[in-house]
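The values are calculated or read from the model by the stated rules, or taken from the named source; none is laboratory data. Small disclaimer: the values here were computed from a predicted structure and weren't measured. Positions of Cβ are backbone-derived with ideal geometry, glycine not excepted, and every protein chain shown enters the neighbour counts. When the accessible area is computed, the model is the full protein with side chains, heavy atoms only, and any ligands, DNA or RNA have been set aside. Shrake-Rupley method; radii C 1.70, N 1.55, O 1.52, S 1.80 Å.
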Amino acid sequence: MTRLSVNFNKAALMRNARTGSTGAGRPNVGRLARVAVGAGAVGATLHPRPDGRHALAADVETLRALMGRGAPLDGAELNVEGNPFEGPARHGDYDFPGFMEILRAARPTQATLVPDAAGQRTSDHGWDFARDGARLGPLVEELRGLGCRVSLFVDPDPEAVRAAADVGADRVELYTGPYAWAHTAGDASALLDRHRAAAEAAAEAGLTVNAGHDLDLENLGPYLRAVPGVAEVSIGQALLADALLMGLEGAVRAYLKVLAEAGE
Ligand SMILES: CC(=O)[C@@H](O)[C@H](O)COP(=O)(O)O
Ligand SMILES: NCC(=O)COP(=O)(O)O
C-alpha cells in the first residue's frame with residue numbers, strides 16, 4: 001500500500017502568524033506529528049524555505065529528535081524538502097542556515113530536492129537536468145553518504161526520470177499539481193497517461209516513485225489506480241484543511257482509507 005507522509009508546512013505557517021503569549025508555539029509541529037504517526041502515517045514532511053514563512057530549521061530539528069532511536073516516534077520517517085543550492089540567508093529575525101546545512105545536521109530519512117527559487121509562492125516544477133544535473137550529482141552522493149534516501153522532484157516526463165537515475169537518486173517525486181487541477185476541471189486522462197509513463201520509466205530505471213502536490217481526498221484514489229507502484233505520497237495543504245473539519249487523526253485515517261482502497 002502507498003504510504004502517507006504528512007506535510008506540516010501550513011501548521012508552521014499558522015504558528016508563525018502569532019508571537020507572544022497569545023498563540024506562541026501553537027500549532028505544535030511535534031505534537032501534530034505524533035498524532036499523524038499514531039493514526040498510521042509513515043512520517044512527516046517539512047519544506048523549510050529561506051524566508052521562514054512556515055517550516056523552520058528548528059522544526060526539522062524537533063522532528064528529527066522525535067524520530068531518533070528510542071525517541072517517541074522512533075521508526076517514523078522524516079522527509080525534508082528543499083533546494084540544495086539555497087545557501088544561508090537572513091529574513092527578518094530568521095537565520096536560514098542553508099538547505100544542505102539543514103540536511104547535514106538532521107540526516108533525515110529522506111531528502112527531497114526541489115528546484116524552488118527562494119521567493120517562489122509554492123513548488124510548481126521539477127528539475128531541469130540539462131541545467132542542473134551535473135551539479136546535483138555530488139550533492140546526491142553526499143546525502144546518500146549521510147544515510148539519506150534521496151528523492152528528486154520531477155515533472156512527469158520519462159526523460160526527467162531517467163536523468164534523475166543518472167544523477168544517482170533513489171527515488172523521484174512526481175509533481176502532481178497539474179494533474180490535480182485537471183482532475184478538478186474534469187479531464188485528467190492526458191495527465192494520468194503522462195504520470196503512468198513516468199512511473200513506468202522509473203520502474204525501468206530502478207527508481208522508486210513518490211508523488212505529491214495538491215493531492216486530496218478526491219483526486220488521490222483515481223491517481224493511484226492509474227499510476228502503478230507509487231510508494232509514498234506526501235500531502236499537506238488539503239490534509240490539514242480537511243483536519244480543520246475532521247481533526248488531524250480523522251483526516252489521516254480518511255487519507256489512509258483512500259490509500260488502502262486504491263491498493264485493493
Ligand atoms: C514539493 C511540494 O510540492 C510541496 O511539498 C511543497 O512543500 C509545498 O510547499 P508550500 O507548502 O510552501 O506550498
Ligand atoms: N511533496 C508534496 C508535499 O509535501 C505536500 O504538498 P501539498 O499537499 O501541500 O500540495
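Here is how the numbers come out for the structure above:
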{"read-out": "Search result, residues across the stretch 219-243 that are open to solvent by 50 Å² or more (accessible area, probe 1.4 Å), away from ligand 1 (no atom under 16 Å from the Cβ) and at pLDDT 95 or above", "value": "Arg225, Gly229"}
{"read-out": "Matching residues, the stretch 166-184, being surrounded by 20 or more Cβ atoms within 10 Å (Cβ to Cβ) and of a type in the set (S, T, N, Q)", "value": "Thr176"}
{"read-out": "Subset of the stretch 25-57 [more than 11 Å from ligand 1 (Cβ to nearest atom) and either of a type in the set (S, T, N, Q) or open to solvent by less than 10 Å² (accessible area, probe 1.4 Å) (or both)]", "value": "Asn28, Val29, Gly30, Ala33, Ala36, Ala39, Ala41, Gly43, Ala44"}
{"read-out": "Filtered residues of the stretch 8-24 (kept if touching a helix residue (DSSP H, G or I) at 6+ places or on another chain (Cβ under 7 Å) and open to solvent by 20 Å² or more (accessible area, probe 1.4 Å))", "value": "Lys10"}
{"read-out": "Verdict on Leu146 being in contact with a Cys (Cβ under 8 Å, 6 or more places away or on another chain), away from ligand 2 (no atom under 15 Å from the Cβ) and over 21 Å from Val35 (Cβ atoms)", "value": "no"}
{"read-out": "Flag for Ala89 being at pLDDT 95 or above, more than 20 Å from Ala44 (Cα to Cα), away from ligand 1 (no atom under 15 Å from the Cβ) and surrounded by 13 or more Cβ atoms within 10 Å (Cβ to Cβ)", "value": "yes"}
{"read-out": "In the stretch 249-264, residue nearest to Ala36 (Cα to Cα) [restricted to those that are out of contact with any strand residue (DSSP E or B) (no Cβ under 8 Å at 6 or more places or on another chain) and of a type outside the set (Gly, Ala, Ser)]", "value": "Glu249"}
{"read-out": "Residue ranges of strands (runs of 3 or more DSSP E) in the stretch 148-264 with at least 2 members over 23 Å from Thr122 (Cα atoms)", "value": "none"}
{"read-out": "Criterion: open to solvent by 10 Å² or more (accessible area, probe 1.4 Å), within 21 Å of Ala44 (Cα to Cα) and either modelled with pLDDT of 95 or more or not acidic (Asp, Glu) (or both) - qualifying residue of Asp187, Asp193, Asp216", "value": "Asp216"}
{"read-out": "Index of the failed condition, Ala203 passing every other in (1) of a type in the set (Gly, Ala, Ser); (2) within 11 Å of ligand 2 (Cβ to nearest atom); (3) loosely packed, with under 15 Cβ neighbours inside 10 Å", "value": "(2)"}
{"read-out": "Within the stretch 112-131, considering residues that are closer than 18 Å to Ala160 by Cα and among the hydrophobic types (A, V, I, L, M, F, W, C), the one farthest from ligand 1 (Cβ to nearest atom)", "value": "Ala130"}
{"read-out": "Hits in the stretch 30-66 (condition: touching a residue at least 60 places away in the same chain (Cβ under 8 Å) and assigned to a helix (DSSP H, G or I))", "value": "Leu32, Val35, Ala36, Gly38"}
{"read-out": "Counted residues, the stretch 112-143 - those being within 16 Å of ligand 2 (Cβ to nearest atom), charged (D, E, K, R) and open to solvent by 10 Å² or more (accessible area, probe 1.4 Å)", "value": "2"}
{"read-out": "Tabulated pairs, the stretch 194-219, first of a type in the set (Ser, Thr, Tyr), second open to solvent by 10 Å² or more (accessible area, probe 1.4 Å), C-beta under 7 angstrom, 6+ apart or interchain", "value": "Thr208/Asp170; Thr208/Arg171; Thr208/Ala231"}
